[in-house]
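Input: a single structure, listed below in structure tokens.
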Amino acid sequence: MSTLPYTPARNAQRADTDTVNTSSKARILLIEDEPKTARAVLGGLKAEGFTPAWAETGEDGFFLLSSEHFDAVVLDWMLPGRSGLEVLKIVRAKDSKTPVLLLTARDALEDRVAGLDSGADDYLVKPFALAELAARVRALLRRATADSSAEEKPTHWHVADLEVDLTVRKVIRSGKAIDLTPREFDLLIQLLANAGGIVSRETLAREVWQEIRRATPLDNVIDVHIARLRRKIDDGFACRLIHTVRGVGFVLREEPNP
């Protein structure tokens, strides 16, 4: 594993692009305050063909994100000063498209939910294997590429009084704008893409969380997100759109409220 010397975060440490695989020159920003961990991750990302940069604090990470383009962000939760979650919320308020992988030693269900609800696209608990980190980054980049391709999916959805504009990630119901987190929006798109049909938890785990095998903790996270999405989409409206099919999954279809 290559070791990269530490430099101040605003002069972010970059890999030597001469050895990067030309099929993958994705620029990845690592925001991590622990130099030893950062050097290991930078070396691992470089070995996998990425072009990594390093910011040591949340403030410097936000500075780089505001001034340069990155294809994805690997963000440590526990940072000095501005925390990873604070950085994440600011990034999402300005740009909801850059994939963010959250690194943390917190593995309780409520911590996972908090991280995902703050806008993280994926969540990796320390300690982790560098190969898994790289695989998750590749999955996030594939998903981002697919989401940006207008040919692969419609740009507008319309079911009952629900309207969704994929290009600007805007959701309106009965003329009222609905604010969704990035994860809730992705869940809604999966349901819309299969409107009238059942979407299983396995499908949501694979397509939204990029998890190949479903696990009970992830089932719980999916259920929490669906419940929050349902409240935002259905509460206060004449008909329900999001329904649970017990033991199977979820379906989006128009039904009157009881």
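The values are calculated or read from the model by the stated rules, or taken from the named source; none is laboratory data. Keep in mind it's a predicted model, so treat the numbers as computed, not measured. Note that each Cβ is placed from the backbone with ideal geometry, even for glycine, and that neighbours are counted across all protein chains shown.
Scanning the range 50-105 for residues that are aliphatic (A, V, I, L, M), more than 24 Å from Thr167 (Cβ to Cβ) and part of a strand (DSSP E or B) returns Ala53, Ala55, Val74, Leu75, Leu101, Leu102, Leu103.
Of everything listed in (1) hydrophobic (A, V, I, L, M, F, W, C); (2) modelled with pLDDT under 90; (3) over 23 Å from the mean Cα position of the chain (by Cα), the single unmet condition for Ala193 is (3).
Just one of (1) at positive phi; (2) at pLDDT below 85 fails for Gly49. It is (2).
Of all residue pairs spaced 6 or more apart or on separate chains, those with beta-carbon atoms under 8 Å, a first member in the range 104-132 that is in contact (Cβ under 8 Å) with a residue 24 or more places away in the chain and a second member that is loosely packed, with under 15 Cβ neighbours inside 10 Å and of a type in the set (Val, Ile, Thr) are Thr104/Val125; Ala105/Val125; Arg106/Val125.
With respect to the stated conditions, Lys153 fails to be modelled with pLDDT of 90 or more and either more than 25 Å from Ala227 (Cβ to Cβ) or of a type in the set (D, E, K, R) (or both). Here Asp161 clears all of (1) buried (at least 17 other Cβ atoms within 10 Å of the Cβ); (2) farther than 28 Å from Lys25 by Cα; (3) among the charged types (D, E, K, R); (4) modelled with pLDDT of 85 or more except the condition numbered (1). Leu109: modelled with pLDDT of 85 or more and under 22 Å from Leu85 (Cα atoms), yes or no? No. Every condition in (1) modelled with pLDDT under 85; (2) surrounded by 14 or more Cβ atoms within 10 Å (Cβ to Cβ); (3) not in a loop (DSSP other than H, G, I, E, B) is met by Val224 except one, and the failing one is (1).
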